[in-house]
1. From the residues in the stretch 172-184 that are touching a strand residue (DSSP E or B) at 6+ places or on another chain (Cβ under 9 Å) and modelled with pLDDT under 95, which one is surrounded by the most Cβ atoms within 10 Å (Cβ to Cβ)?
2. Looking at (1) in a helix (DSSP H, G or I); (2) out of contact with any helix residue (DSSP H, G or I) (no Cβ under 7 Å at 6 or more places or on another chain); (3) at pLDDT below 95, find the lone condition where residue 81 falls short.
3. Out of curiosity, is residue 203 farther than 20 Å from residue 11 by Cα and modelled with pLDDT of 95 or more?
4. Suppose the filter is modelled with pLDDT under 90 and under 32 Å from the mean Cα position of the chain (by Cα); does residue 537 pass it?
5. Considering the stretch 225-250 alone, what residues qualify as being surrounded by 16 or more Cβ atoms within 10 Å (Cβ to Cβ) and farther than 22 Å from residue 6 by Cβ?
6. Restricting to the stretch 418-451, give me the number of residues that are in contact with a strand residue (DSSP E or B) (Cβ under 7 Å, 6 or more places away or on another chain) and either part of a helix (DSSP H, G or I) or in the same structural domain as residue 162 (by TED's automatic domain parsing) (or both).
7. Residues that are closer than 21 Å to residue 341 by Cα: which helices (runs of 4 or more DSSP H) entirely in the stretch 357-417 hold 3 or more of them?
8. Restricting to the stretch 101-128, what's the tally of residues that are at pLDDT below 95 and on the phi > 0 side of the Ramachandran plot?
């Protein structure tokens, strides 16, 4: 089937079968038929129930094969084992799209995992698109296809919209319906994806992205299954100019306890998933309210394409306006006041607006003519970006004074005018409904307003990776090395294959003394070399600032004693003498494979304080040079390398190149983790040098 055929059968079916439909009012399995009847679905609905002649006044059929015409979409309302038998019947009857309510599959573990494998096998055999299992169904609001068991859809209100909801939680589609309806907002469609056995968020997004009636997507996520499909969907959505918004719960820290590297420990707990979403241009929201309201707000994003990327706050309440101004500013959004041109124009009409960070019209009085003049002037000013109106008590008691003039000004605005959004400080549902119904996105809270405004002004993000191949030398070295931790000597050789420089060094045998003559001058660093020791400093396996051979020998004796006491089971391969290097600062670069989203590259402030400050940036690996530079900009501690207080500049270009090269290790499946900590950053033009490296390899295929 083509994507067009799949989409039509999922959202726009003409013939629907409800297998296991009940005639008992109020029962879960009675809801889909009742909802479609109540909301006026114009397609044909066939209940399937071998124990009933009719269901809810409609003739019932013993099986799917008895239905007198081809079925576009079947919803199976049976328990797990009977549902699997009926799924096979659907396949034999030629049904190509099936939603499945039953739980008891992979989410329950044990036998459920085997049961889901059988489901997937049946679906593959017959070419069935399965939504679920554990799905509360599919809703398409314009055609009134309310094929869901979610009780919230019993509501007489079924507002429509332009965004499609894809939710891993079946209950949350009802919450989004009811919360949106309270604001006069709705969604184009709702799909409860359940366990995503065959068709998940990514695959469904790819099918729906070309629908001209869908302008964007709203995701409720508990995890990421098949992240590569979500990445493909995100790229397609961005190309189509359709924003994707996501609320993420269930941020597992599963990867943290398994990590051998510092960076592996720091990117668990959901940070990797968040970075994955951010890197693919998916707007994450921090509160559920914003998830509902942002879909409406992002519809005005196109109006900002030729406007300055800044925000002007207009308010009838100084305190409320200041609160919203502060919340927006905390997100780093550029703020602006009214331009001198607009101020002069208003003054000609007798309105004198005081200069300040806010456009505060409180003293001018909350009047229709005043507010309309201010908004009309601002939205027609080419210096204006996004206009944020914050309305006080008049939004609750006198909307004709402060709400209506904003709506009218927007209605009368010419093409290309600056967009306007609104927030009411008191509880004012009627005013919020009025705003939303007339093309002015409105918010109940300052927090959700700030999130949406941040997304509106954000630049589009798209990962573009180039030249991500590993060199032949690197591939051969990885392929020929045993599983487990590489020694530091082996890791340094691998990093050299990636064009990374290590200090001049000399290897001392595990049982040997320091030679009388070393080919390079000190000061020196001495380290233990062992596959069994990843963090050498923790067992006294590193000594720095050693002036000569005598100090090296003394340090070697002490180090052997430290290792014997603190890591008695460790096998020592050698000891490494390195020339002690100097630079402007230290960084950490790490690669790890997140259990959910796959390989991630991390860069941050390095050295012994790495895990305390957690001042890092991360992206899906591999990355290109442009993205690596963006990552460096996100690390606050690197201000010290950017000439802070007229200090010397660090070689951030070389550090970015190192990030790119380490990220290429993601291309070899045997590399489980890799880390350089620290990377010494020298002055601009002098490059970077790795001082300590760790690489963990998996078993050979």
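1. Checking each candidate, the answer is 183.
2. Unmet for residue 81, out of (1) in a helix (DSSP H, G or I); (2) out of contact with any helix residue (DSSP H, G or I) (no Cβ under 7 Å at 6 or more places or on another chain); (3) at pLDDT below 95: (3).
3. When the stated conditions are applied, residue 203 does not pass them.
4. It is false that residue 537 is modelled with pLDDT under 90 and under 32 Å from the mean Cα position of the chain (by Cα).
5. 243, 245, 246, 247, 248
6. 7
7. Where helices (runs of 4 or more DSSP H) fall fully within the stretch 357-417 and carry at least 3 residues being closer than 21 Å to residue 341 by Cα, they are 368-379, 404-412.
8. Number satisfying all stated conditions: 3.
The values are calculated or read from the model by the stated rules, or taken from the named source; none is laboratory data. As the structure is a prediction and not an experimental result, all values here were calculated from the model. Note that we place each Cβ from the backbone using ideal geometry, even for glycine, and neighbour counts take in every protein chain shown.
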